[in-house]
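Student: Here it is, the structure in full.
The values are calculated or read from the model by the stated rules, or taken from the named source; none is laboratory data. As the structure is a computational prediction, the values presented were derived from the model and not from experiment. Here the Cβ is made from the backbone with ideal geometry for all residues, glycine too, and neighbour counts use every protein chain on show. Keep in mind that these areas ignore ligands, DNA and RNA; they rest on the heavy atoms of the full protein, side chains included. Shrake-Rupley method; radii C 1.70, N 1.55, O 1.52, S 1.80 Å.
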Amino acid sequence: MAFASNSVLKTLRLKNPKLVLLESCSNLIDLTIIHAHMLRTHFFFDVFAVSRLIALCTDSNKNLLHYAIRLFPQIENPNLFILNALIRGCSTSDDPAASFRYYIQSQRIGLLPDNITYPFLVKACAQLENAIMGTQAHGQIIKHGFERDCYAQNSLVHMYATVEDSKSARCVFEEISGFDVVSWTSMIAGYHKGGDVDSARELFDIMPERNLVTWSTMISGYARNNRYDKAVELFHVLRSEGVMANEPVMVGVISACAHLGALAMGKEAHEYVVMNGLSLNLILGTALVDMYARCGNIAKAIRVFEQLAEKDTLCWTALIAGLAMHGHAEKALWYFSEMVKSGLVPWDVTFTAVLTACSHGGLVDRGLEIFESMKHDHGIEPRLEHYGCMVDLLGRAGKLAEAEKFVLEMPIKPNAPIWGALLGACRIHRNAEVGERVGKILIEMQPEHSGYYVLLSNIYARTNKWRDVTIMRELMKEKGVRKPPGYSLIEVDGKVHEFTIGDKSHPEIEKIERMWEDILQKIRLAGYIGNTDEALFDIDEEEKEDALDRHSEKLAIAYGIMKIRPPSPIRIVKNLRVCEDCHTATKLISKVFQVELIVRDRNRFHHFKEGTCSCMDYW
């Protein structure tokens with residue numbers, strides 16, 4: 001720092017204090033020296049010189065915007081260049097609304113805006129995600145005759161896309177006379193933000209030219225709209241066209257693989273990163289840790305994590321959450337301890353991961369300690385997610401009275417997931433008394449949520465309250481509530497196959513059904529009896545048996561046994577909680593067929609091996 005300042009002082013002594021001073025500026029101390037010298041020599045009052053000073057301060061790479069804002073009131077006759085620089089600087093700052101204040105000031109002193117003014121003014125509206133301000137800026141653009149300026153048009157398309165007004169974005173887009181890659185990409189982003197991925201793909205396919213930002217926008221847009229298979233498919237198109245992917249593209253692809261549970265595809269993406277020399281930075285490294293954990297290979301997630309040169313709180317949290325999902329509670333707590341020792345500050349999401357680990361591991365006392373330490377030791381106020389973890393923790397341990405008391409005494413109003421965690425515990429521990437109270441609260445809170453009706457009816461069925469089961473059935477029919485269809489995904493030879501109950505579209509469905517019949521006969525010899533308690537309760541027992549046999553994960557397991565040979569595990573991803581019957585059947589399959597099955601449901605991982613499950617039959 002001293003060297004830089006001495007260099008500036010030397011320049012001041014040897015040279016006329018012109019613009020060369022600004023070129024030598026590298027930090028705030030240099031800047032204050034130059035500013036003071038300009039004031040002493042009255043050079044500050046030269047509008048051209050002070051314009052260069054403001055431009056330096058508003059340069060996004062210098063991080064000196066605060067100094068420009070303090071300088072501005074000292075300028076006697078600011079010109080449009082100065083005000084444009086401030087509008088530009090503020091548009092990407094923590095206070096984008098300040099851009100409007102400088103725009104209004106330019107109008108007050110009679111300065112006419114130019115084509116540089118509006119793109120940054122509109123950008124500020126996009127940063128604020130404020131449609132009203134954006135529309136006002138659009139009106140000013142038309143008023144001053146810049147509605148045909150390509151930079152203003154591109155910024156408007158981007159702004160309308162950001163505020164999810166794809167109709168207005170399309171109107172501006174269609175008025176552009178000279179389309180460039182920015183125009184196309186902004187419109188594609190707008191469609192994605194509005195959930196219209198098909199229109200986005202139509203534009204993408206007819207684009208005359210694409211850059212990496214376009215590919216990244218398209219891939220990440222698919223991922224944001226839960227079209228993960230399309231994101232991976234587009235990555236293969238990118239490779240076939242000889243385009244070299246960059247970090248944002250690969251983060252989108254790896255995240256899509258994580259959601260699909262597609263380990264082979266995720267490994268292929270990882271290999272691509274290594275083979276093409278992409279830097280394994282924090283963002284990409286964290287995405288890989290998350291992907292391996294969510295695809296069922298927690299050992300690989302740990303290895304990637306350990307190899308990262310730099311780790312931040314989010315990276316540690318990704319690993320801890322992964323360990324929690326797999327039921328490795330003690331290891332998750334060890335990594336949490338190591339993170340705190342390293343000096344990193346845990347976030348609220350970190351505590352969600354840690355408390356989830358305690359819940360899945362049945363570590364009640366440790367979970368209570370960590371919950372208390374959140375506020376006392378780390379200054380983090382518990383959120384609903386943390387209270388939900390505690391209810392699940394107490395419920396898992398069978399402490400239903402304590403769990404209910406905990407919910408009733410919460411300082412914030414409990415939401416449906418918190419009551420749902422307690423209802424799930426009542427199902428496991430067959431407590432109809434508490435379950436009935438909680439179930440009625442949930443049905444009143446979310447009358448359209450099928451899961452709560454089903455859980456409460458299961459509790460009634462387990463305690464032989466068949467009249468109440470019938471009432472639940474009639475209530476669901478009356479309110480038109482239906483259970484969402486379950487689906488299961490399995491990756492075979494680099495391709496993801498989807499199965500849903502009753503779906504006959506798979507080209508090998510007949511072979512799969514025959515394989516399931518063979519599996520069923522063998523596990524029945526090992527003691528399997530279909531549990532119809534959780535089947536649809538408006539059909540008779542014989543139909544229930546058939547419905548159970550066609551549950552999506554059973555079809556996926558049958559396909560896995562057909563195609564995957566031990567010792568390779570069969571990996572399945574399910575969108576709903578695994579039902580009790582499928583859980584029992586999968587344990588027996590792992591024993592009878594001597595195969596490891598790794599199933600990810602909406603709550604956690606289940607590792608089935610030799611007739612047991614890592615969840616210890618609580619999920």
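Student: Looking at (1) at pLDDT below 85; (2) closer than 22 Å to M265 by Cα; (3) of a type in the set (S, T, Y), which is the one condition that is false for Y559?
Tutor: Only one criterion is unmet by Y559, namely (1).
Student: Of all the helices (runs of 4 or more DSSP H) wholly in the stretch 86-184, which have at least 3 residues that are under 30 Å from L53 (Cβ atoms)?
Tutor: The qualifying helices (runs of 4 or more DSSP H) are 98-108, 117-128, 131-143, 150-162.
Student: Looking at (1) in a loop (DSSP other than H, G, I, E, B); (2) open to solvent by less than 40 Å² (accessible area, probe 1.4 Å); (3) among the aliphatic types (A, V, I, L, M); (4) under 24 Å from K587 (Cβ atoms), can you tell me which one V481 breaks?
Tutor: (4)
Student: With respect to the numbered conditions (1) under 39 Å from the mean Cα position of the chain (by Cα); (2) under 28 Å from I29 (Cα atoms); (3) surrounded by fewer than 19 Cβ atoms within 10 Å (Cβ to Cβ), which one is the sole condition not fulfilled by I69?
Tutor: (3)
Student: Inside the stretch 224-330, counting only helices (runs of 4 or more DSSP H) that do not spill past its ends, which hold 2 or more residues that are in contact with a Gly (Cβ under 8 Å, 6 or more places away or on another chain), under 22 Å from G494 (Cα atoms) and touching a residue at least 40 places away in the same chain (Cβ under 8 Å)?
Tutor: Where helices (runs of 4 or more DSSP H) fall fully within the stretch 224-330 and carry at least 2 residues being in contact with a Gly (Cβ under 8 Å, 6 or more places away or on another chain), under 22 Å from G494 (Cα atoms) and touching a residue at least 40 places away in the same chain (Cβ under 8 Å), they are 263-275.
Student: Return yes when P208 is of a type outside the set (K, R) and either part of a loop (DSSP other than H, G, I, E, B) or at pLDDT below 90 (or both) and no when it is not.
Tutor: Yes.
Residue-by-condition table, conditions (1) modelled with pLDDT of 95 or more; (2) not small (G, A, S):
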residue	(1), (2)
N225	no, yes
L234	yes, yes
S240	no, no
M244	no, yes
G285	yes, no
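Student: Hey, can you tell me all the residues within the stretch 589-619 that are open to solvent by 30 Å² or more (accessible area, probe 1.4 Å) and either hydrophobic (A, V, I, L, M, F, W, C) or not in a loop (DSSP other than H, G, I, E, B) (or both)?
Tutor: Once the filter is applied, which keeps residues that are open to solvent by 30 Å² or more (accessible area, probe 1.4 Å) and either hydrophobic (A, V, I, L, M, F, W, C) or not in a loop (DSSP other than H, G, I, E, B) (or both), the stretch 589-619 yields K591, V592, F593, H607, K609, T612, M616, W619.
Student: Of the residues that sit in the stretch 508-528 and are open to solvent by less than 70 Å² (accessible area, probe 1.4 Å), in a helix (DSSP H, G or I) and of a type outside the set (A, V, I, L, M), which one is farthest from T586 (Cα to Cα)?
Tutor: Filtering first and then ranking leaves E513.
Student: For S183, work out the one condition from (1) under 27 Å from the mean Cα position of the chain (by Cα); (2) open to solvent by 60 Å² or more (accessible area, probe 1.4 Å) it doesn't fulfil.
Tutor: (2)
Student: Sticking with this structure for a sec: Given the conditions (1) surrounded by 14 or more Cβ atoms within 10 Å (Cβ to Cβ); (2) among the hydrophobic types (A, V, I, L, M, F, W, C); (3) modelled with pLDDT under 90, report the number of the one that I539 does not fulfil.
Tutor: Single failed check for I539: (1).
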